[in-house]
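Notes follow once the structure below has been shown.
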């Protein structure tokens, strides 16, 4: 402003002053330089463990700094040190660089809480103060937010889980490693200046309706220190909201005597788009025919989405239907219809027929895969319910007994009854189970189940005959004295179809062809022929068996020895 006034005055003087007449014009004096101003540039309000260096340097900035200005950093509380390039002390001088910045590192003292540094500047009275907080070792990890949420399956939660790390006096600990894992992608982040670490992305629940967990763990060097609250476990429940499908679960296509209740009460299940059960939805069951009755016909789906009527009593003989209608729109399969047939009550049992489980095959002493199932019928081939059916294994046919204390087996509404597991006996070949009815009337036709037991897999080669004896050199061994072997399992069941090779292993001589033979139904095989060698002495034949697939054959070899001698009757 003063320069502008000077120029205006100079213009006015020049208008009335002629230079040729000797009028003198004076230049204005230069303006004085602007006064330096100072401010905190970086590193204020940090925190670190007592006795440790702050993560960032502390810095100040001087505007309009004269050349050569020096900033002096002095510790005023806390007992720490400041310095540059490894030279630390309670005070450190730092030159102000051309950009006006001066900085030093700050190593906190051992005192807990607030610590301060004062910064003064050469040539000016201005000063600044900076503060840092010294905390103790980490002592507590706690949840800040994000636990106990609920959301739709497959959806994002509104609040990200966050934890806070502090020392024993509640001072926040920044820069600590926090790992988030559990039912979400694992990630590692760091606590902020206020000691808080938040999951760096939204938590998306799985599509199954259940409780999910996120685990936040404070880590030091890859392991989790044993401090209070470490780790923190967050829970979130995926709760289905909208039902999109209704399906029958049980109780369809049944039969019962007219005027009686069906054995299985009709049941439906409401599900969301991921197949999770939807609770709390009203389902109304209603009859389509007159006669009969329903109890508890309006039900609310339970936690798994199920709704089951109390009971369904049929009317007169014929077909009856019940419809289940769920409250809501856009639900596939809604309503669901159940059908049952009311039949004339059955008469006394007249025959028992096999439904399934006959003519199975299994290894000796093992359980057959399929249970035995029969149907009890009256003289008009109507199913007879609630009849006690007994299954008993024949001699050598293993066991088909109920566990101790189990109730007896009874035919169901369709007249069917199922046996316990049939465990075969030790003998390979046919085995049997007999079926009987408790207190049955005379003349009831009863079936018998059969199964084929195959030999065991722990097999061995046994030498049956043909070892030992003295024979003339060059002579043939009689058929009855030829090597004879048998293949048996661990229960002495003979094994057929096993290849056995006979070979001369000592003394010379020859074997008749074929030298490889296969065991028959009795598991035995005999060498085709054996001619003793020309030289006197022992002659040895070895029989070697090749095990069948999946079988252990130990031992698989046997040796037979015969002694060749000169026939003195043929000497000259």
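Here are the numbers for the structure shown:
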| item | result |
| --- | --- |
| Reciprocal mean inverse distance between Cα atoms of segment 166-206 - Kirkwood radius, Å | 11.2 Å |
| Rounded Å value of the spacing that divides the Cα centres of segment 249-292 and segment 135-165 | 43 Å |
| Over the chain, relative contact order from alpha-carbon pairs under 8 Å, at least 6 apart, % | 7 percent |
| Principal-axis tilt of helix 2-16 within the chain, Cα atoms, nearest 10 degrees | 40 degrees |
| Rough spin-label spacing in nm, given labels placed 7 Å along Cα→Cβ, for residue 522 and residue 63 | 11.8 nm |
| Cα pair distances of the chain binned at 10 Å [whole percent] | 3, 10, 9, 9, 9, 10, 10, 9, 9, 8, 5, 3, 2, 2, 1, 0, 0, 0 |
| Exposure proxy ranking, count of Cβ atoms within 10 Å, fewest first, for 144, 268 | 144, 268 |
| For segment 496-549, the spread of Cα positions along each principal axis, largest first, Å | 40, 17, 15 |
| Rounded if a/c under 1.5, otherwise prolate or oblate - segment 297-390, Cα gyration tensor axes | oblate |
| Part-to-part distance (alpha-carbon centres) for segment 186-234 and segment 413-454, which is given in Å | 60 Å |
| Calculated P(r) of segment 444-560 - Cα pairs past 22 Å, % | 39 percent |
| Distribution of pairwise C-alpha distances over segment 245-343, 10 Å bins, in % | 18, 50, 25, 7, 0 |
| Euclidean distance of C-alpha centroids, segment 49-105 and segment 348-365, integer Å | 95 Å |
| Taking segment 37-135 and dividing mean pair separation by its residue count, relative contact order in percent (alpha carbons under 8 Å, at least six apart) | 35 percent |
| Burial ordering of 567, 183, fewest other beta-carbon atoms within 10 Å first | 567, 183 |
| DSSP beta bridges in segment 458-569 [antiparallel fraction, %, rounded to 5] | 85 percent |
| Cα-Cα P(r), segment 140-238, percent of pairs per 5 Å interval | 3, 14, 26, 24, 15, 10, 6, 2, 0 |
| Fewest-first sequence of 121, 234 by Cβ atoms within 10 Å of each Cβ | 121, 234 |
| Cα gyration tensor, segment 37-135 - rounded (a/c under 1.5), prolate or oblate | prolate |
| Fraction of antiparallel bridges per DSSP, the chain only, in percent to nearest 5 | 85 percent |
| Pairs of Cα atoms farther than 13 Å apart, segment 102-156, % | 77 percent |
| DSSP-defined beta bridges in segment 245-343 - what % are antiparallel, rounded to 5 | 85 percent |
| Helical mean residue ellipticity (222 nm; -39500 (n - 2.57) per DSSP H run of 4+; nearest 500) of the chain | -1000 deg cm²/dmol |
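Values quoted throughout were computed directly from the atomic coordinates according to the rules given, and no laboratory measurement underlies them. Keep in mind that this is a model prediction, so the values were computed, not measured. Note: ideal-geometry Cβ built from the backbone for every residue, glycine included; neighbour counts use all protein chains shown.
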